[in-house]
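This report concerns only the one structure given below.
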Amino acid sequence: MCGVFGAVLPPGWGESPVEAARIATLGLFALQHRGQESAGLAVSDGEQLMVYKDLGLINSVLDERRLPSLRGRLAIAHCRYSTTGSTVWENAQPTFRLGPRRSIAVGHNGNLVNTRELLDRLAGGLSRLPATTDTELLTALLADDPASDLVEALCRVLPTVRGAYSLVILDERRVVGVRDPHGFRPLVIGRIRPSGEATTAGSAGRSPVPADELTGWLLSSETAGLDIVGAEYVRDVEPGEIVILEEGHEPRSVRFAPAQPALCVFELIYFARPDSYMEGVSLYEARRRMGIQLAAEHPVAADLVMPVPDTGAAAAAGFAEGSGLPYREGLVRNRYVGRTFIQPSQAMRHRGVTIKLNPLRDVIRGRRLIVVDDSIVRGTTTQQIVALLRRAGAAEVHVRISAPPIHHPCFYGIDTQIETELIAAHHSVEEIRAFIGADSLGYLSIKGVLNALDLPYERFCFACFDGNYPEPVPYDAARRKFVLEEEVVATGG
Ligand code: SF4
């Protein structure tokens, strides 16, 4: 996943020289669920770039003490969830190159699938890379390109890059947003105005500044990032489009490839926030309708419907609505523990679930439960939840999943790249039911997902469910995440 944010503020926008950094950080807070391994910010004061990044959650990396040094009206921000390269400081983003051809900082949401091929194109190869991510490689290729302008360099380099990339790129004068031709990952444009829009810069004897010159422009992975800073949604960055944000200008658009839309449907089912909108759809509403569909596809006699908090809540509400059964909270989540799925190691995931959920015994005891969740990846988390509910006295536990079974790995930015770790890749629904220890198990069908979204199949990537990969994946899947680190070992670097 990863979350990206960008901000360009005009000269008349507020007094503080760190306002762009502040807005980008606040916007990034709304995207924390997209990546919890590291966070970072890059700013430009019009002449030079400054980058600050570190491992950890956003509020531990970017706080008030850092802001005074992050001056400038242009900023990009990033929070990371690793899909290529390990969780070390060097792999935190934004990545950056300072001259000689151009200075840029890059924040990337997604995962490239031709990293090895791109490495062959980099003069000096691995020895030029200070880190082992596909983003570092892309940054080096863009910085090296002989084109006189960054946008021209993007138009030359991006057609050789394959996979998923929603990018925010900063140079001295611009913030640039890019979405790959499939638009696997979301990226939206927002508009922000200072409070008291009618205020002018006339107090120092100058002419009043027209309102348009007080407009700032933003980029965000999700619309929720715009909401949190009081901005309005303008439109999505289109698949295959470059959007250039500059002080005092409307966003400019350059197309580098025809659009072949394949937005990750899992963004709508699970990953993105329920208060975000994608494809014009409220994700809370979409998930509620998925729950109604699920109730129609997999009814069962029970006493109550409960979600696995928090991500199963909207679908559980829809299931209760569709089935006519009461909705209750039966598990309390410790909000200060990260999402188990997003942690980088299996051992951490195992530990996470036991410290994360606590059952409400009076709700559960003696009842036949329908437990709604949004996915089963390895099955171990669901197994532990079922065991937790049985220990709390549940009479029956019926698990319902508001997505189809994950049969295939994802190579486009979700960390399910190793097929052997996916329980549905090698087991039937009945075998999974037995493994998790539930009384019954039902998954929503692809048709059910599409009915709930009321959008055509062709707009989305469903590859992890049906194996229909929009972008071919060229080499051994299991090596993908650490491909550059393995190259370092292989070359003795
Ligand atoms: S393979 Fe699955 S998780 Fe990956 S982009 Fe496609 S739908 Fe999303």
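What follows draws every value from the coordinates through simple rules; no lab data is involved. Here the structure is a predicted model, which means the values were calculated and not measured. Please note: Cβ atoms are built from the backbone with ideal geometry, for glycine as well, and neighbour counts cover all protein chains shown.
Where both partners of a DSSP beta bridge lie in the chain, what percent of those bridges are antiparallel, to the nearest 5? Could you put the intermediate results ahead of the total?
Details: 63 of 80 bridges.
Here the antiparallel bridges make up roughly 80 percent for the chain.
Less than 5 angstrom separates the built amide H of Tyr443 from those of Ile401, all sequence-distant by 5 or more or on a different chain. Note on Glu15 and Val234: their simple-model spin labels are 2.8 nm apart, each label 7 Å out from Cα toward Cβ.
Would you give the gap between the C-alpha center of the stretch 63-104 and the C-alpha center of the stretch 389-424, rounded to a whole Å? With the stretch 63-104 and the stretch 389-424 each reduced to a Cα centre, they are spaced 34 Å.
Given a Förster radius of 30 Å and the C-beta distance between Asp303 and Lys447 as r, what FRET efficiency does 1/(1 + (r/R0)^6) yield to the nearest 0.05? The partial results should precede the final answer.
Values: r = 29 Å, r/R0 = 0.97.
E between Asp303 and Lys447, to the nearest 0.05, is 0.55.
With contacts defined as alpha carbon pairs under 8 Å and 6 or more residues apart, what's the relative contact order of the stretch 1-158 in percent? Computed over the stretch 1-158, the figure is 24 percent.
Report the calculated FRET efficiency for Ala296 and Arg121 (r = Cβ-Cβ distance, R0 = 56 Å), to the nearest 0.05. The pair Ala296/Arg121 has a calculated efficiency of 0.65.
Each of the peptides 132-139, 293-300 was scored by the mean count of other Cβ atoms within 10 Å over its residues; in descending order, highest first, they stand as 132-139, 293-300. Each of Thr160 and Glu321 was given a label point 7 Å from its Cα along the Cα-to-Cβ line. The distance between the two points is 5.0 nm.
Residues Trp13, Trp89, ranked from the fewest to the most other C-beta atoms within 10 Å, line up as Trp89, Trp13.
Span-like helix criteria (full DSSP H runs; alpha carbon extent of at least 20 Å along the helix axis; mean Kyte-Doolittle hydropathy of at least 0.5) are satisfied in the chain by no helix.
Between Asn358 and Asp54, the FRET efficiency from the beta-carbon distance, with R0 = 51 Å, is close to 0.95.
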